[in-house]
1. Applying the selection to region 114-136, what residues are of a type outside the set (Asp, Glu) and open to solvent by 60 Å² or more (accessible area, probe 1.4 Å)?
2. Out of the residues in region 137-158 that are assigned to a strand (DSSP E or B), of a type outside the set (S, T, N, Q) and touching a residue at least 40 places away in the same chain (Cβ under 8 Å), state the one that is surrounded by the fewest Cβ atoms within 10 Å (Cβ to Cβ).
3. Which residues, counting only those in region 55-81, are of a type in the set (Val, Ile, Thr) and either modelled with pLDDT under 95 or surrounded by fewer than 21 Cβ atoms within 10 Å (Cβ to Cβ) (or both)?
4. Exactly one of (1) in contact (Cβ under 8 Å) with a residue 40 or more places away in the chain; (2) farther than 18 Å from SER140 by Cβ; (3) touching a strand residue (DSSP E or B) at 6+ places or on another chain (Cβ under 6 Å); (4) β-branched (Val, Ile, Thr) is unmet by THR98. Its number?
5. With respect to the numbered conditions (1) under 19 Å from ALA70 (Cα atoms); (2) open to solvent by 60 Å² or more (accessible area, probe 1.4 Å), which one is the sole condition not fulfilled by SER52?
6. Those residues that are modelled with pLDDT of 95 or more, open to solvent by less than 20 Å² (accessible area, probe 1.4 Å) and out of contact with any Ser or Thr (no Cβ under 7 Å at 6 or more places or on another chain), I need them from region 1-31; list them, please.
7. Taking ASP92, is it farther than 29 Å from ALA10 by Cα, among the acidic types (Asp, Glu) and surrounded by fewer than 17 Cβ atoms within 10 Å (Cβ to Cβ)?
8. Within region 27-79, restricting attention to residues that are in a strand (DSSP E or B), over 15 Å from the mean Cα position of the chain (by Cα) and not acidic (Asp, Glu), which residue is nearest to ASP134 (Cα to Cα)?
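The values are calculated or read from the model by the stated rules, or taken from the named source; none is laboratory data. On a predicted model such as this, the values are computed, not experimentally measured, just so you know. Here Cβ is always computed from backbone atoms with ideal geometry, including for glycine, and neighbour counts include all displayed protein chains. Ligands, DNA and RNA are excluded from the accessible area calculation, which covers all protein heavy atoms including side chains. Shrake-Rupley method; radii C 1.70, N 1.55, O 1.52, S 1.80 Å.
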Amino acid sequence: MTEHDDGPVALVRAALVAAGVGDTVRTFPAGVPTASAAAEALGCDLAAITNSLIFDLGGEPLLILASGAARVDTRLVAEKLGTGRIRRASPDFVLQHTGQAVGGVAPVGHPEKVRTLLDTSLREHQRLWAGAGDHHSMFSITYKQLQKMTEALELKVR
């Protein structure tokens, strides 16, 4: 048994299998804590890396699944959602709401459902890669599968 056989990665694997995607998790001993590191390890375009970014929206978590090549425009997103200010969440807030540490947050496998937005620019890629619950794991998925699995609102985030 390895450290990836239980905990957050196991929850992500279970969510992938339950959604019919299958276990597409890959583990990298050197770690993939950033989109750049993940793209390099996977040999893919940085824009195909799906960052799972947790924001604080009035004390509630907001998960934005954004391209690794983009920076989220929180003012634009707040305007489109008709909400108040969207703030970057603290590491403790992220861990509390996802069960996963910053740098390894996955789009799925959280203790409770998190309101999720999906960056429409990710549609451009046949295969996406997202964090799988820790700093060493990633999983592959299509845009359509990711949208269905997370029940994300598709939105331009930059």
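1. ARG115, ARG123, GLN126, ARG127, HIS135
2. It comes out as LEU155.
3. Listed by number, the residues that qualify are VAL72, THR74.
4. (3)
5. All conditions pass for SER52, except number (2).
6. The answer is VAL12, and nothing else.
7. no
8. Taking the candidates together, the pick is THR27.
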